[in-house]
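Only one structure is covered here, and it is reproduced in the block below.
The values are calculated or read from the model by the stated rules, or taken from the named source; none is laboratory data. As the structure is a prediction and not an experimental result, all values here were calculated from the model. Cβ placement follows ideal geometry from the backbone for every residue including glycine, while neighbour counts extend to all protein chains displayed.
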Amino acid sequence: MEQFKSRVKNIEELKDYKQPIAFGIANVDSYKNKSLQASFPVVNYKENYGSFAIFVSALLENNQDMDFSGSEFVANIDINFINTAIKYFEPFMNESYGDKHKNIQVIKALLENIDTGNFKFVAIFEDNAVQSVESAYLKLHLLSLKKVKPREINLDGVFGALPNVAWSGGKPYSLDYLRENEIVLKMSGNYPHIDYVDKFPRYLSHIIPEDNTRILESSKVRFGAYVSAGTTVMPGASYINFNAGTLGVAMVEGRISSSAIVGNGTDLGGGSSILGVLSGTDGNPISVGENCLLGVNSVCGIPLGDGCIIDAGISVLAGSKMYISNADLGKINEINNNALEEKTLFKGVELSGLNGLHFRIDSQSGQMVAKRSTREIKLNKSLH
Amino acid sequence: MEQFKSRVKNIEELKDYKQPIAFGIANVDSYKNKSLQASFPVVNYKENYGSFAIFVSALLENNQDMDFSGSEFVANIDINFINTAIKYFEPFMNESYGDKHKNIQVIKALLENIDTGNFKFVAIFEDNAVQSVESAYLKLHLLSLKKVKPREINLDGVFGALPNVAWSGGKPYSLDYLRENEIVLKMSGNYPHIDYVDKFPRYLSHIIPEDNTRILESSKVRFGAYVSAGTTVMPGASYINFNAGTLGVAMVEGRISSSAIVGNGTDLGGGSSILGVLSGTDGNPISVGENCLLGVNSVCGIPLGDGCIIDAGISVLAGSKMYISNADLGKINEINNNALEEKTLFKGVELSGLNGLHFRIDSQSGQMVAKRSTREIKLNKSLH
Amino acid sequence: MEQFKSRVKNIEELKDYKQPIAFGIANVDSYKNKSLQASFPVVNYKENYGSFAIFVSALLENNQDMDFSGSEFVANIDINFINTAIKYFEPFMNESYGDKHKNIQVIKALLENIDTGNFKFVAIFEDNAVQSVESAYLKLHLLSLKKVKPREINLDGVFGALPNVAWSGGKPYSLDYLRENEIVLKMSGNYPHIDYVDKFPRYLSHIIPEDNTRILESSKVRFGAYVSAGTTVMPGASYINFNAGTLGVAMVEGRISSSAIVGNGTDLGGGSSILGVLSGTDGNPISVGENCLLGVNSVCGIPLGDGCIIDAGISVLAGSKMYISNADLGKINEINNNALEEKTLFKGVELSGLNGLHFRIDSQSGQMVAKRSTREIKLNKSLH
């Protein structure tokens, strides 16, 4: 144990040493030396610096370079690395099971599988633009494991870093591989069943959700989504993109576009849409507060506070004009620190982030109005 | 044969004997003795009481308890049960194939597979709240095999009875199993490809549809849905929940929420929604009649009679106000037994269940109107 | 080589010889001699007539009938056919790899797999109604390989020609097979995991998309769809039916119904719908031009020119009435060859195919208006 501690200390005193933001060991799928997917059984985020030091030590011991100068670092792992790590982790070996010493459990599993997989050590030192498949997957893990919230981590460059691949049963196939072998695969009846073609895998390919989370179709949640316990994602017209998600219990029958965040207790009706920054809004990400209801086929193009309702089929966009009666204005101001000036016509963007609004269209005049909501939204408990 | 008859008679004269509402033998997937899924190759609903008596007899013969006192009963099946049942079914053994004596065919298949599966005898005596995974699956089979219609069977407690599990290729994985083995599964490349996480499986995992039924994506129909011959379910924004469905030929490009029922010849346009009782309506289930059209992205929040149309993009809710001209009121009353009083403004709920309505919005005034429909809805025959 | 050329010439001089529109060799899945699916590793469209002649020659040499009198022809392939073809193709044998001589590569792969598959030679001579599973698949390949555009090939009879089957991992199961074996399959735990039930397979079961094409869920694109490079199909509420598709880079979060065509640079927002001829329009197929935006949950029921916008949630149908101000009318006429007469109210159908329109609803008056669009639609480059 003393040896362990001094070894960690020695590493941390190296001239160029930097603490990582995140690190982990990945099982990497590749084709012709190009990484296609990186699976991390365990991800460390601002934690377990001792294990990190041991991994660095095992790399150096086996004459592998360790480079702290970039924003991220990726190294191949071989049997020597594993044997060294096992030796250094000796004091904890017998107590690494269940929830304890998960990084050591990874090393043990590595020992069993080193001949059949392609394993890499991955570390991120600065939250800069993504530069590799491995660091992209590490960052997406941070989001989907809820170690960071949507918009809290830098995903610039992720589309460039990730190759577009064909996925079959969770395994990525290079499109080139399929092209080069199409004739033989099809004539032999061995052409793989392709589930989808995308740069990102699906959330459920990497993440085990909480007991009371339901995702009724894996395509509906992209890897990198943030899905809180008690969220139900129905299979009709729903979607949760990467870098977007739910902060609590939520019913998701609509679309949460990239960068959009949905609060606890909120119900997104079937086919409703929250616009995202990748295509839709002018670049301002949208948050929807707690206990809101987006009605069936409604559209939310502005941030909403808590307790808001958009009626079914209504589109609330930044430029939509909405009438607010004097009476309602008073009630809305009462719970929103008098945020609104006294007038009767408001653009959607002026109502951004306010609590307790109910957006409606008068079905006889066609007028879009915002009122003080009088209805409390409660999710059906048996569904979450 | 005489022996068979007298054996059945003896069982039926047992002091506590009760005829079952439904019974069957299930292949049960489980983890750590907790049932996860029950597959019934044959389900009996108010029928085949002789076979039921024989199964009871085989249980008793092998010193297994048989309890008629509860609303449902589940027993494990072993090789002794099978051998006894085969002996008792002797008179029918040679003629049990094709559509004949399906319960005996089940026993024969049991004999071949008893060592590799986990089989249970399941019976329901009273239509009370669901108390087990096995009875939940039996009831969901009754719905999806169209032995009972949606809303005709008691599904209270079904969310509590069914565990939330991860599904891979039709097989349920306990979330705990995945957590306990995540590191080894991921490092060995054997982490299962998860299709979805839900309490319910999918309709197509258990049900073989009629020849002219098409379900273009299995996630779109939950097990427990009622799907009539000639129904086409498209993969865009559609969904049929459990305890909901179609009573005849139908085009389903929209959502049929739990408890909602759609009549023969009806077309649910892409992205249309029929609200359900689990989240949406105030608890009143919605039926849509025959030969109706719900336009693309429309919302139906009230029951509709036959021959109704909701135009594309329009939301008809219980509280929506609709204008009806005097001329249209006369025509509507003519085919609806003068159901409407003479006025011009109606709430959606007042128009519940009427035939021949056409819901529109005047595109110049924004006024929502209901008219007497003049257009006959006919489905494209090549699609059903 | 001289022999090869004279052999081709001899065949082409046969009395009844006809040049095929398309031909290919298929790996056919079947059940009880009924074809269920035909996989073509290579498809020839108005090309490679020499290879066609050699295939015909190999059939005749082995005493198989070759019938040029119908609009299509299907023949079984055996080892004699293959050996003969290999002999005739001798001069090209060594240079058939990569992109060269793909039909010969097929013959080589056939030689390896003749014992384990069911192979057929398929030719189409006249573009008449589809008469077989094999010619249906050949025509659908022509569309999805972008050898013909949507609406350019005769697909009459395709629903009748294709059987409705259950698909599992890309393999078709006859529904009868499942029925006949249900009990044994379920009791042994071998019941196949059914992905969908349909007459058509999915696009990704047969087609390798371009590098910058993404299809995030295979169910969202039917085989026979035309998907151009740079198209992204999101998994929310999207769909591309057969005989429909995109002519260039496009974001598809909405539905492209059968017969509908979408131009380069166009963005179909989440849940938007373009009506199709199978159910929806009156039979006139809809084209949407270049650089258009169909807003979230909008409906497009008329053809659009280039640079058009339909705002979120708005339905533009043939019968919708739209107001155009005099000022906007002038600007619209300016870029559309004065197509519109001077008035202020237009039906949707009157605006068919015009460029530069922006369809909106005034959120205070409920009036639907068409204006001259002032916004340029640009897709996010990192998504395509």
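Among the candidates B:Pro209, B:Pro172, B:Pro192, B:Pro150, the residue that is over 18 Å from C:His193 (Cβ atoms) and either part of a strand (DSSP E or B) or of a type outside the set (Lys, Arg) (or both) is uniquely B:Pro150.
The set of residues in the stretch B:337-350 being surrounded by 14 or more Cβ atoms within 10 Å (Cβ to Cβ) and not β-branched (Val, Ile, Thr) consists of B:Ala339, B:Leu340, B:Phe346, B:Lys347, B:Gly348, B:Glu350. Here A:Val197 qualifies as in a strand (DSSP E or B) and either in contact with a helix residue (DSSP H, G or I) (Cβ under 6 Å, 6 or more places away or on another chain) or facing chain C (nearest Cβ under 8 Å) (or both).
At least 2 residues being at pLDDT 95 or above and surrounded by fewer than 24 Cβ atoms within 10 Å (Cβ to Cβ) is the threshold, and among the strands (runs of 3 or more DSSP E) wholly inside the stretch B:217-336 those reaching it are B:321-323. Of the residues B:Asp65, B:Asp29, which is more than 14 Å from every other protein chain (Cβ to nearest Cβ), farther than 18 Å from B:Ile104 by Cα and in contact with a strand residue (DSSP E or B) (Cβ under 8 Å, 6 or more places away or on another chain)? That would be B:Asp65, the only listed residue that is more than 14 Å from every other protein chain (Cβ to nearest Cβ), farther than 18 Å from B:Ile104 by Cα and in contact with a strand residue (DSSP E or B) (Cβ under 8 Å, 6 or more places away or on another chain). Screening C:Val56 with (1) assigned to a helix (DSSP H, G or I); (2) in contact with a strand residue (DSSP E or B) (Cβ under 8 Å, 6 or more places away or on another chain) gives one miss only, at (2). Each residue in the stretch B:115-137 was checked for being part of a helix (DSSP H, G or I) and away from chain C (no Cβ under 14 Å), and 4 pass. Restricting the stretch C:121-135 to residues that are surrounded by fewer than 22 Cβ atoms within 10 Å (Cβ to Cβ) and touching a strand residue (DSSP E or B) at 6+ places or on another chain (Cβ under 7 Å), the residue that is farthest from C:Asn164 (Cα to Cα) is C:Phe125.
Of A:Thr213, A:Thr231, all but one fail to be within 12 Å of another protein chain (Cβ to nearest Cβ), of a type in the set (Val, Ile, Thr) and touching a residue at least 60 places away in the same chain (Cβ under 8 Å); the exception is A:Thr231. Here is the figure for the stretch A:153-169: residues that are in a helix (DSSP H, G or I) and touching a helix residue (DSSP H, G or I) at 6+ places or on another chain (Cβ under 6 Å) total 3. Screening A:Asp267 with (1) closer than 22 Å to A:Glu152 by Cβ; (2) at the interface with chain B (Cβ under 8 Å from one of its Cβ atoms) gives one miss only, at (1).
Pick from the stretch C:175-189 the residues that are of a type in the set (D, E, K, R) and more than 7 Å from chain B (Cβ to nearest Cβ): which of them is farthest from A:Asp198 (Cα to Cα)? Write out each step before concluding.
Filtering the stretch C:175-189 down to residues of a type in the set (D, E, K, R) leaves C:176, C:179-180, C:182, C:186.
From the residues that got through so far, the ones that are more than 7 Å from chain B (Cβ to nearest Cβ) too are C:176, C:180.
Numbers: C:Asp176: 35, C:Glu180: 38 Å.
In this case the residue turns out to be C:Glu180.
The set of residues in the stretch C:337-350 that are within 13 Å of another protein chain (Cβ to nearest Cβ) and part of a loop (DSSP other than H, G, I, E, B) contains only C:Thr344. Among the residues of the stretch A:2-52, those that are in a loop (DSSP other than H, G, I, E, B) and of a type in the set (A, V, I, L, M, F, W, C) comprise A:Leu14, A:Ile21, A:Phe40, A:Val42. Please tell me if B:Lys108 is charged (D, E, K, R), within 27 Å of B:Ala161 (Cα to Cα) and either in contact (Cβ under 8 Å) with a residue 60 or more places away in the chain or in the same structural domain as B:Tyr31 (by TED's automatic domain parsing) (or both). It is false that B:Lys108 is charged (D, E, K, R), within 27 Å of B:Ala161 (Cα to Cα) and either in contact (Cβ under 8 Å) with a residue 60 or more places away in the chain or in the same structural domain as B:Tyr31 (by TED's automatic domain parsing) (or both). Considering only residues of the stretch A:351-367 that are hydrophobic (A, V, I, L, M, F, W, C) and within 14 Å of chain B (Cβ to nearest Cβ), which is surrounded by the fewest Cβ atoms within 10 Å (Cβ to Cβ)? Result: A:Ile361.
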